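Data first, discussion second: the structure below is written as structure tokens.
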Amino acid sequence: MTICVHIISMNRFRYMVVADNRQRKMPLPDDREPDRCQVLDFPEAVLLTNPLEEEFKGEVDDKYEYSCEDKDLQVHGWICMDPPTGFWQISPSDEFRTGGPLKQNLASHVGPINLAMLVETDTWPYSFPASEEYLKSDQRGNVFGRLMVYDKYFSDSPVPAYGAYVILASPNDAKSWQLQGKGYQFWTQTDEDGYFIISNIRAGDYNLYASVPGFIGDYMCDDTISITPGCEIKIVDLVYEPPRDGPTLWEIGIPDRTAKEFYIPDPNPKYINKLYLNHPDRFRQYGLWERYAELYPDEDLVYTVGVSDYQKEWFFAQVTRKKGDMYQGTTWKIKFKLDDVSQSGVYKLRLALATAHLAELQVRVNDPTIDPPIFTTGLVGKDNAIARHGIHGLYRLYTADIQGSKLVIGDNTIFLTQAMGGSPVVGIMYDYIRLEAPPDSN
């Protein structure tokens, strides 16, 4: 791989574009000098206190506010207004990226500096490179097929997996497309009928994975797919059966691998980025983790099933609380009623996490003091998505078994404790929570 570093004129190229709705005039690199800014909790984030241009005064500048998912990192760059000139990085292929389509990556920021790989997506793969390591179009293969999803509590028969990501990833010990750090990846999305085509795949062996919006978990095909030059591999209908034991008693959130649907507060007026005022990506503002203790100064979050609205009353991240000079874990409560309880049955609490950072999630039922808890994740995560203004990191799915004898007819409470402290950005984001009754329940 050849990496070219382009440093362009900081005085001419002032307008940065990451997406159609994420573009703006940027402050100058000199605005980050010690006499012009205040460093915040992390060296990447500064408050512009004395910028060269008054319009930027009072804004936060942080490169992570301009990151995006790999699936969207196709074109980004800088614009010079006089003379009208654009400098763009165009990535025709994602095969050099690992971690899948949803992995967060940096785009254009600070410099302006741009790391460029290749150009002209439409003509890729090129025929002119002479290196034997560069495989041309006739040395690659294609895979096509259809993905279905079957959940007997959702439909009587398999339905097309619309909008699913289908990923070919080099085999790895973790058996995960998210954790693969070596080799190659190729991905696409299914159409409304569940069909997919992955083109121009390098020769080699791959595992096939899929992630289906609206359903928890990940699909992995048992068979290894071997790509040879010029091959056209048709895969018979694949059927993903997501984890499910019994009927849904209640659910919180949308299974989409993010926490975007939950309550995201307004930023502290002292720490704003004007780009994200009245913007759908509210989560990209600096310091939102501090708002939790401001909104819940005395008691932690309490959510009542059937009464509370997760869009307004479920904070997007379960973070720590500062007491004195220490940051401590927090305990959220989910209150719900049951009209009937199977005392001998096992209830399943599905916990899909959108991210975790140096966290431990513990689950208790109807007794917040029971030790050990009925379930713990142990220490998990080094995603740092909270500090870096993300709305997800690595997806994790857990299941807590709740014995029916722990539940009662009438009022019940599940206690979700994030037990770790030590930092304001330790914590988790939930993607989706579901309580299932035993499989023999009506």
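The values are calculated or read from the model by the stated rules, or taken from the named source; none is laboratory data. As the structure is a computational prediction, the values presented were derived from the model and not from experiment. No Cβ is skipped: glycine too gets one built from the backbone with ideal geometry, and neighbour counts run over all protein chains shown.
Keeping to the range 144-158, report how many residues are over 14 Å from residue 225 (Cα atoms) and either basic (Lys, Arg) or surrounded by 15 or more Cβ atoms within 10 Å (Cβ to Cβ) (or both).
Restricting attention to the range 144-158, the residues satisfying the condition of being over 14 Å from residue 225 (Cα atoms) are 146-158.
Next, from what is left, pick out any that are either basic (Lys, Arg) or surrounded by 15 or more Cβ atoms within 10 Å (Cβ to Cβ) (or both): 146-152, 158.
Going through the range 144-158 one residue at a time, the tally reaches 8.
For the range 146-161, give me each residue that is assigned to a loop (DSSP other than H, G, I, E, B) and within 29 Å of residue 182 (Cα to Cα). Even if it seems obvious, please write down each step before you answer.
Going residue by residue through the range 146-161, those that are assigned to a loop (DSSP other than H, G, I, E, B) are 150-158, 161.
161 - this is the single residue of the range 146-161 that is assigned to a loop (DSSP other than H, G, I, E, B) and within 29 Å of residue 182 (Cα to Cα).
Could you grab me the full set of residues in the range 397-431 that are on the phi > 0 side of the Ramachandran plot and modelled with pLDDT of 95 or more? Within the range 397-431, 410, 427 qualify.
Conditions (1) among the aliphatic types (A, V, I, L, M); (2) modelled with pLDDT of 95 or more, marked per residue:
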residue: 280; (1), (2): no, no
residue: 310; (1), (2): no, yes
residue: 319; (1), (2): yes, yes
residue: 337; (1), (2): no, yes
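When 435, 394 are checked against the criterion of being modelled with pLDDT of 95 or more and not in a loop (DSSP other than H, G, I, E, B), 435 stands alone in meeting it. Within the range 397-418, the set of residues being in a loop (DSSP other than H, G, I, E, B) and either crowded, with 17+ Cβ neighbours inside 10 Å or touching a Cys at 6+ places or on another chain (Cβ under 6 Å) (or both) comprises 407 only. Selection over the range 186-208 of residues that are touching a residue at least 24 places away in the same chain (Cβ under 8 Å), among the hydroxyl-bearing types (Ser, Thr, Tyr) and within 18 Å of residue 220 (Cα to Cα) gives a count of 3.
Given the condition closer than 26 Å to residue 289 by Cβ and either crowded, with 16+ Cβ neighbours inside 10 Å or not hydrophobic (A, V, I, L, M, F, W, C) (or both), answer yes or no: does some residue in the range 8-20 qualify? Scanning the range 8-20, I find at least one residue that is closer than 26 Å to residue 289 by Cβ and either crowded, with 16+ Cβ neighbours inside 10 Å or not hydrophobic (A, V, I, L, M, F, W, C) (or both), so the answer is yes. Only one entry of 300, 340 meets the criterion of being under 25 Å from the mean Cα position of the chain (by Cα), assigned to a loop (DSSP other than H, G, I, E, B) and on the phi < 0 side of the Ramachandran plot, and that entry is 300.
Screening the range 54-100 for residues that are hydroxyl-bearing (Ser, Thr, Tyr), part of a loop (DSSP other than H, G, I, E, B) and in contact (Cβ under 8 Å) with a residue 40 or more places away in the chain and picking the one that is surrounded by the most Cβ atoms within 10 Å (Cβ to Cβ) gives 98. Here is the figure for the range 274-291: residues that are under 18 Å from residue 39 (Cβ atoms) and touching a Phe, Trp or Tyr at 6+ places or on another chain (Cβ under 7 Å) total 3. In the range 105-143, the qualifying residues are those that are in contact with a Cys (Cβ under 7 Å, 6 or more places away or on another chain) and surrounded by 19 or more Cβ atoms within 10 Å (Cβ to Cβ), and the one that is modelled with the lowest pLDDT is 107. Taken together, 306, 246 contain a single residue that is of a type in the set (Gly, Ala, Ser), more than 18 Å from residue 430 (Cα to Cα) and touching an Asp or Glu at 6+ places or on another chain (Cβ under 8 Å), which is 246. Residues in the range 314-325 that are farther than 12 Å from residue 426 by Cβ and assigned to a strand (DSSP E or B) were compared, and the one that is farthest from the chain's Cα centre (by Cα) is 323.
Based on this model, can you work out whether residue 179 counts as aliphatic (A, V, I, L, M), at pLDDT 95 or above and either assigned to a strand (DSSP E or B) or surrounded by 14 or more Cβ atoms within 10 Å (Cβ to Cβ) (or both)? No: the conditions fail for residue 179. Scanning the range 392-412 turns up one or more residues that are in contact (Cβ under 8 Å) with a residue 40 or more places away in the chain, assigned by TED's automatic domain parsing to the domain that holds residue 306, within 19 Å of the chain's Cα centre (by Cα) and over 20 Å from residue 251 (Cα atoms).
Which count do you get for residues in the range 360-391 that are outside any strand (DSSP E or B) and either in the same structural domain as residue 69 (by TED's automatic domain parsing) or closer than 30 Å to residue 42 by Cβ (or both)?
Step one: of the range 360-391, the residues outside any strand (DSSP E or B) are 360, 366-374, 377-379, 383-391.
The next check asks that each one be either in the same structural domain as residue 69 (by TED's automatic domain parsing) or closer than 30 Å to residue 42 by Cβ (or both); those that pass are 360, 377-379, 383-391.
Residues that pass the stated criteria total 13.
Count of the range 326-378 residues, restricted to those that are within 23 Å of residue 424 (Cα to Cα) and of a type in the set (S, T, N, Q), is 7.
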